[in-house]
Structures are given as C-alpha cells and as structure tokens.
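One structure is given below, encoded as structure tokens.
Just so you know, all these numbers are worked out from the coordinates, no wet-lab data involved. None of the values given here were measured: they were computed from a predicted structure. FYI the Cβ positions are ideal-geometry reconstructions off the backbone, even for glycines, and counts take in every protein chain you see.
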Amino acid sequence: MEDMLRKTENITSAANQGADSLSAQITALGELIKEHKGHDVFVLDLRGISNWTDFFVIATASSKTHMDGLERHIKNYCRENKIELFGNSRKNMDNEWRLIDLGFAIIHLMNSRARQFYELERLWRPVTSV
C-alpha cells in the first residue's frame, strides 16, 4: 500500500512540475509578444475546461507586417526552447487573424478590427487570465 501511495505522490509531483513548466512557457511567450509591441496581450488558462489545449494567448498586432514579425519571434522562441509547432500557422483571407498551434497553447494574433469583432476573451468567460 505504501508503495502505491509513493507512486501516486511521484506522479502528482511530476504533473505539478509539468504544469509549472507550462505556466512558465506561456508567461514567457506572453512577455515575448509584449516585448515586440503586441497590444492587449491576454492569456487564458483553459486547463480543466478544454480537452484540446491548456491556454489561449490573444494579442493585437498593428498591421500585417507587425503580425508577420510577431509570428517570426514566436516561432524562433519555440525553436530555441524545443517547443513543437503543430502544422503551419493559419491565416484568414484578410490577414486579420493568425493562429499558431503549440498543442498546449493556441496563440491568436489579430488586428484590432478582428479582436473587437470576435471578442474571444468574452466567449471564454469565466476563464481566469494568467
């Protein structure tokens, strides 16, 4: 019985360390976006609510060129930190919204018009922000 409890404690400890690592990675990505002039950066913690991702990062870019630059910085950060990108980033036809799938997080880069129209933060209430 004690062996079973010890194994459970080890699994719980490993899961907590993994959660701490994810929180640290998502915080770093949010700071990276802010550092490169992304506006209104918002991180939603979806753990326990969504079964397909743990976080949304939502940020506003001032132009298509700015969005391209933010995407490049995010991808470089992921490459340097061995974070896998799932597929290619997706863009809508008007270049108003770019989606980058990291598995544990979905990054939404939007222009101000798309951000106001879709209001993703409002759709995911009462989710807490990080």
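Below is a table of values for the structure above.
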| read-out | value |
| --- | --- |
| Sites residue 113 and residue 49 - FRET efficiency at Förster radius 35 Å, r taken between beta-carbons, to 0.05 | 0.80 |
| Residue-span extension gain [residue 39 to residue 65] - 0.36 nm each, minus C-alpha spacing | 7.9 nm |
| Rg over Rh [alpha-carbon atoms, Kirkwood Rh] for segment 32-124 | 0.94 |
| At most 15 other Cβ within 10 Å, DSSP loop - GluC sites (Glu not before Pro), segment 17-86 | 84 |
| Cα-Cα over 18 Å, subset of 37/91; 37/64; 34/82 | 37/91; 34/82 |
